[in-house]
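The values are calculated or read from the model by the stated rules, or taken from the named source; none is laboratory data. Quick caveat: nothing in here was measured; it's all calculated off a predicted structure. Reconstructed Cβ throughout: ideal geometry from the backbone, glycine too, with neighbour counts over all protein chains shown.
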Amino acid sequence: MAGDTAQASRKMDQTPAKHRSARPRALALGCLLGAVAALVGLLLLIAFLGRDPLPRLTRETLDAAVGHWRAAGPANYDIDLVLSGAQTGNLHIEVRDGEVTAMTRDGRAPVQRRTWDFWSVPNQMAMMEEDLSAAEGDPQRAFGVADRGQIVLQAEFDAQLGYPRRYRRQVLGTSNTIEWRVTQFVAR
């Protein structure tokens, strides 16, 4: 019996040694998996909190904005925009009697007068309309992409006057992105 007791004692001494060597590995693996899960959660939280709430541009929202502008938009106004994406700059546009009378880009008047008219509110909306039509029609021809899903059009309009406060055209997988944001709008 004494032999049986000694043999049982040796087995008991061996079993905890196996568990003792496996426990640190399991604990390290658990900590590693926990850290990875926490990192993934943190990245998802940052992505969620950092997302841009700029709404998608639809025909309905554009038509409503055009209607607001036609009903309440002033014929005389100054508008300052920040342009980013493929083109950048700070623009100042002065419109009198519905016509662009002055424009500066980064403090200087562009050499070509024809570029001024693009930035009146009706022409901004016309550009947005062209982008919508191109995205719905032939995105390959207009933007160089075959999939309409690669074209993201987003806009936010002034609730009272209807002018576009922000606009973004993003063509995913290309550098064909443009965005403008109105920093000041003054009716004259």
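Just need a number here: residues in region 131-158 that are within 19 Å of THR174 (Cα to Cα) and either among the acidic types (Asp, Glu) or in contact (Cβ under 8 Å) with a residue 40 or more places away in the chain (or both).
8
Can you name the number of the only condition in (1) hydrophobic (A, V, I, L, M, F, W, C); (2) modelled with pLDDT of 95 or more; (3) out of contact with any strand residue (DSSP E or B) (no Cβ under 8 Å at 6 or more places or on another chain) that ILE79 fails?
It is condition (3) that ILE79 fails.
On the given criteria, is LEU32 modelled with pLDDT of 75 or more and in contact with a helix residue (DSSP H, G or I) (Cβ under 9 Å, 6 or more places away or on another chain)?
It is false that LEU32 is modelled with pLDDT of 75 or more and in contact with a helix residue (DSSP H, G or I) (Cβ under 9 Å, 6 or more places away or on another chain).
Taking the stated definitions as given, is LEU161 surrounded by 13 or more Cβ atoms within 10 Å (Cβ to Cβ) and assigned to a loop (DSSP other than H, G, I, E, B)?
yes
Residues are listed down the side, and each one gets a yes or a no for (1) surrounded by fewer than 15 Cβ atoms within 10 Å (Cβ to Cβ); (2) touching a residue at least 12 places away in the same chain (Cβ under 8 Å):
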| site | (1), (2) |
| --- | --- |
| ALA64 | yes, yes |
| GLY73 | no, yes |
| LEU81 | no, yes |
| SER84 | yes, yes |
| THR88 | yes, no |
| ARG96 | yes, yes |
| GLU99 | yes, yes |
| MET103 | no, yes |
| GLY107 | yes, yes |
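Which of the residues belonging to region 141-158 are surrounded by fewer than 18 Cβ atoms within 10 Å (Cβ to Cβ), part of a helix (DSSP H, G or I) and not charged (D, E, K, R)?
Answer for region 141-158, where residues must be surrounded by fewer than 18 Cβ atoms within 10 Å (Cβ to Cβ), part of a helix (DSSP H, G or I) and not charged (D, E, K, R): ALA142, GLY149, GLN150.
Here are the criteria: (1) over 20 Å from the mean Cα position of the chain (by Cα); (2) crowded, with 17+ Cβ neighbours inside 10 Å. Tell me which single one PRO122 does not satisfy.
Against the list (1) over 20 Å from the mean Cα position of the chain (by Cα); (2) crowded, with 17+ Cβ neighbours inside 10 Å, PRO122 comes up short only on (2).
Within region 145-156, can one find any residue that is at pLDDT below 95, polar (S, T, N, Q) and in contact with a strand residue (DSSP E or B) (Cβ under 8 Å, 6 or more places away or on another chain)?
Yes, that holds for at least one residue.
Checking ASN123 against (1) out of contact with any helix residue (DSSP H, G or I) (no Cβ under 9 Å at 6 or more places or on another chain); (2) modelled with pLDDT of 95 or more; (3) polar (S, T, N, Q), which test does it fail?
(1)
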